[in-house]
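*Asks:* Provided herewith is a single structure, encoded as structure tokens, for subsequent inquiry.
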Amino acid sequence: MKSQKPYLIRAIYEWCTDNEFTPYLMTFVDSNTIVPKQFVQDNKIVLNIAFGATKNLLIDNEWITFQASFSGSIMDIAVPIANVLALFAKENGQGMQFELENYTPSTPTDDKPSTGGLKLVK
């Protein structure tokens, strides 16, 4: 059976954008997570995944991938869905927390997103 987690993440993201809130993603950082390490604290990072803050955002059933600017440099970001700890609105803190899951990572570089992907292109 497929996990509900990616579907709930996509729904909360859509709810945030429909209400003009800024969606923030908190994730656990491990060797499979591609994020700017200088912003990681206690193996966690919070990322702004709003449409205006990202490029090529893709939320599929295994990965959240996008590009974002950090200290003036464009970086590729890849977060395993299993590592997502929370998605919430910056403005009011409403959203959902998730459990850290065990998983066997696939590569996020596959051009074909998993079933159920949400791709937002600027």
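*Asks:* Residue under question is N83, and the condition is that it be modelled with pLDDT under 95 and either out of contact with any helix residue (DSSP H, G or I) (no Cβ under 7 Å at 6 or more places or on another chain) or not hydrophobic (A, V, I, L, M, F, W, C) (or both); does it hold? Reasoning before the result, please.
*Replies:* On the way: modelled with pLDDT under 95: no; either out of contact with any helix residue (DSSP H, G or I) (no Cβ under 7 Å at 6 or more places or on another chain) or not hydrophobic (A, V, I, L, M, F, W, C) (or both): yes.
No; evaluated as a whole, the condition is false for this residue.
*Asks:* Related question: Consider segment 63-80. How many of its residues are in contact with a helix residue (DSSP H, G or I) (Cβ under 8 Å, 6 or more places away or on another chain) and surrounded by 21 or more Cβ atoms within 10 Å (Cβ to Cβ)?
*Replies:* Adding up the residues that qualify gives 2.
*Asks:* Taking the residues in segment 26-62 that are in a strand (DSSP E or B) and touching a helix residue (DSSP H, G or I) at 6+ places or on another chain (Cβ under 8 Å) as candidates, determine which candidate is nearest to R10 (Cα to Cα). First the steps, then the outcome.
*Replies:* From segment 26-62, those in a strand (DSSP E or B) are 26-28, 34, 41, 44-48, 55-59; that's our starting set.
From what is left, the residues that are touching a helix residue (DSSP H, G or I) at 6+ places or on another chain (Cβ under 8 Å) are 27-28, 45, 57, 59.
Details: T27: 15, F28: 18, I45: 19, L57: 11, I59: 7 Å.
Checked segment 26-62; the qualifying residue nearest to R10 (Cα to Cα) is I59.
*Asks:* Working only within segment 69-93, note down all residues that are in a strand (DSSP E or B), within 15 Å of M26 (Cβ to Cβ) and either touching a residue at least 60 places away in the same chain (Cβ under 8 Å) or among the hydrophobic types (A, V, I, L, M, F, W, C) (or both). Walk me through how you get there before you give the answer.
*Replies:* Keep residues of segment 69-93 that are in a strand (DSSP E or B), which gives 69-70, 73-80, 84-89.
Add one more test, that the residue is within 15 Å of M26 (Cβ to Cβ), and what stays is 77, 79-80, 84-89.
Within segment 69-93, I77, V79, V84, L85, A86, L87, F88, A89 qualify.
*Asks:* Still on this structure: Among the numbered criteria (1) of a type in the set (A, V, I, L, M, F, W, C); (2) free of Cβ contacts under 8 Å to residues at least 60 places away in the same chain; (3) in contact with a Gly (Cβ under 9 Å, 6 or more places away or on another chain), which single criterion is violated by M1?
*Replies:* Unmet for M1, out of (1) of a type in the set (A, V, I, L, M, F, W, C); (2) free of Cβ contacts under 8 Å to residues at least 60 places away in the same chain; (3) in contact with a Gly (Cβ under 9 Å, 6 or more places away or on another chain): (3).
*Asks:* Need pairs with beta-carbon distance below 8 Å; first residue of a type in the set (S, T, Y) and within segment 29-56, second outside any strand (DSSP E or B); sequence gap 6+ or separate chains.
*Replies:* Qualifying pairs under 8 Å: T33/N83.
*Asks:* Looking only at residues that are farther than 14 Å from E14 by Cβ and surrounded by 15 or more Cβ atoms within 10 Å (Cβ to Cβ) in segment 91-122, which one is modelled with the highest pLDDT?
*Replies:* My answer is F98.
The values are calculated or read from the model by the stated rules, or taken from the named source; none is laboratory data. Because the structure is predicted, anything quoted here is derived from the model rather than measured. Please note: Cβ atoms are built from the backbone with ideal geometry, for glycine as well, and neighbour counts cover all protein chains shown.
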